[in-house]
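**Student:** Let me give you the structure first, and then I'll get to my questions.
The values are calculated or read from the model by the stated rules, or taken from the named source; none is laboratory data. Since we're looking at a predicted model, the values are computed, not measured. Methodologically, a virtual Cβ is constructed for each residue, glycine included, from the backbone with ideal geometry; neighbour enumeration extends over all protein chains shown.
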Amino acid sequence: MNHLTTAVNKTVIITGGSTGLGFHTARHLAAHYPGWHIIIANRSVSAGQEAVQSIRQQTPTASIEALALDLGSLAHVRAFAAALIDRKLPPIHVLICNAGLQMVTDSRTVDGFETTFGVNHLGHYLLTQLLLPHLVAPARIINVSSGTHFSSADGGAAEKGGMPDPAYTTAQAAAFPPPVNGGDMQFIGRQRYSTSKLANLWHTYELVRRLAKDTHLPRPITVNAFDPGLMPGTGLARDYSPVMSWMWESVLPRIPALARLVFRAEPTPMPVSGANLARLAVDPAWEGVTGQYVQGAQAVPSSPASHDERVAYELWESSKALVKLTPGEMALA
Ligand SMILES: NC(=O)c1ccc[n+]([C@@H]2O[C@H](COP(=O)([O-])OP(=O)(O)OC[C@H]3O[C@@H](n4cnc5c(N)ncnc54)[C@H](OP(=O)(O)O)[C@@H]3O)[C@@H](O)[C@H]2O)c1
């Protein structure tokens, strides 16, 4: 396709597009899908702008910009959505909820939520609610989950990469866990991460169910979850000790055999996962597909727990209360 002659007439938003998976997704989109305006949305303005520069170096005609978004602040998410809706953008057809972190310190968002759950689930839940009425059909929403959502009992050890099983009771408990006094914070933090990735699946499937019953929003809006596979080299380990972050960011990507040994899982290069996510987000090959868990380039079954409709309902309703969704902000019953 010729970038110079292709009109830019659709917008795709990628949360957390400054590094790791989101960056490689944006880069692939810019290089291969010239009709799209790409918005990468993360906290660090300078990192976002550097990512844009780097993508423009490879694809000078890319239509791409970076906007500041902090999913750890409900006020910021609301301000971001309002500003986005006010702008004269090509129609927004795709929202990729990719940003994520894995806190192994006992941390809280400005709203008082445990940070991993607050950012990975609650921030995206609110953003999705606010943007839903502004998506233009055919629209796609992708929630980036992870193989860590499996439990060992599912036989999903290969996807888990040695991470602890998720542990979920209620959204209230996940948002406001008691302070960790003397516990194994590394284990607890990693378990909170697995749990947040299971929440991404409950959110995905509940959204699909509610969209199917909705009569107001334009159709189709498809919603899928994505597992990029194990990708050493991203910024995901930045809350770990300097030695562990260095291993994750600099050593393991160069020595896949070591990554295999440490995580008991096959690593996937970031550009490969980025290309897979970009295709899931915009490629005609995935048109009309909804309610799937896509691992790499293939739809596969997610864990039995992820299909628990009772928990998904509780998560949705409790999240609505936790983010204080107003009647005017509720796009779906
Ligand atoms: N790496 C893996 O092996 C792996 C495996 C399975 C799934 N995943 C999933 O892939 C997704 C991307 O992770 P990654 O590995 O690519 O990590 P990463 O390199 O650290 O990327 C995370 C992105 O999220 C942004 N971010 C973090 N906190 C944010 C916040 N509060 N508000 C807005 N943006 C925020 C970061 O930018 P700022 O810090 O500037 O905000 C960054 O752009 C995550 O959902 C992760 O769970 C990763």
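**Student:** Can you spot a residue in region 12-35 that is out of contact with any Ser or Thr (no Cβ under 7 Å at 6 or more places or on another chain), more than 15 Å from the ligand (Cβ to nearest atom) and of a type in the set (S, T, N, Q)?
**Tutor:** No, every residue in region 12-35 fails to be out of contact with any Ser or Thr (no Cβ under 7 Å at 6 or more places or on another chain), more than 15 Å from the ligand (Cβ to nearest atom) and of a type in the set (S, T, N, Q).
**Student:** A further question on this structure: Show the residue pairs meeting these rules: Cβ distance below 7 Å; 6+ apart or different chains; first residue within region 227-245 and over 20 Å from L198 (Cα atoms) and touching a residue at least 60 places away in the same chain (Cβ under 8 Å); second residue among the small types (G, A, S) and within 7 Å of the ligand (Cβ to nearest atom).
**Tutor:** T234/G20; G235/G20
**Student:** Please give the number of the condition E159 fails out of (1) within 16 Å of the ligand (Cβ to nearest atom); (2) closer than 24 Å to N42 by Cα.
**Tutor:** So the condition that E159 fails would be (2).
**Student:** Still on this structure, please answer the following. Condition test on V289, is it among the aliphatic types (A, V, I, L, M), outside any helix (DSSP H, G or I), touching a Leu at 6+ places or on another chain (Cβ under 6 Å) and closer than 17 Å to V223 by Cβ?
**Tutor:** Answer is no for this residue.
**Student:** To continue, here is another question. Limited to region 78-106, what total is found for residues that are of a type outside the set (D, E) and without any contact (Cβ under 8 Å) to a residue 60 or more places away in the chain?
**Tutor:** So the answer is 9.
**Student:** Which one is farthest from the ligand (Cβ to nearest atom) among residues in region 97-106 that are assigned to a loop (DSSP other than H, G, I, E, B) and in contact with a Leu (Cβ under 9 Å, 6 or more places away or on another chain)?
**Tutor:** That would be Q102.
**Student:** Which one is surrounded by the most Cβ atoms within 10 Å (Cβ to Cβ) among residues in region 280-295 that are under 19 Å from H203 (Cα atoms) and among the β-branched types (V, I, T)?
**Tutor:** This residue is V294.
**Student:** Next question. Tally up the residues in region 293-333 that are over 18 Å from L71 (Cβ atoms), outside any strand (DSSP E or B) and among the aromatic types (F, W, Y), please.
**Tutor:** Count: 1.
**Student:** Can you find even one residue in region 146-164 that is outside any helix (DSSP H, G or I) and closer than 30 Å to A79 by Cβ?
**Tutor:** Checked against the condition, which is being outside any helix (DSSP H, G or I) and closer than 30 Å to A79 by Cβ, region 146-164 yields at least one hit.
**Student:** So, one more: Quick one: how many residues across region 207-245 are away from the ligand (no atom under 16 Å from the Cβ) and under 23 Å from E266 (Cα atoms)?
**Tutor:** Count: 1.
**Student:** Return yes when P253 is away from the ligand (no atom under 15 Å from the Cβ) and either out of contact with any Lys or Arg (no Cβ under 8 Å at 6 or more places or on another chain) or part of a helix (DSSP H, G or I) (or both) and no when it is not.
**Tutor:** Spelling it out, it is not the case that P253 is away from the ligand (no atom under 15 Å from the Cβ) and either out of contact with any Lys or Arg (no Cβ under 8 Å at 6 or more places or on another chain) or part of a helix (DSSP H, G or I) (or both).
**Student:** Quick one: which residue in V52, V77, V94, V119 is outside any loop (DSSP other than H, G, I, E, B), within 10 Å of the ligand (Cβ to nearest atom), more than 17 Å from L325 (Cβ to Cβ) and at pLDDT 95 or above? Break it down stepwise before answering.
**Tutor:** Numbers: V52 fails: within 10 Å of the ligand (Cβ to nearest atom); V77 fails: more than 17 Å from L325 (Cβ to Cβ); V94 fails: within 10 Å of the ligand (Cβ to nearest atom).
Unique residue meeting the criteria: V119.
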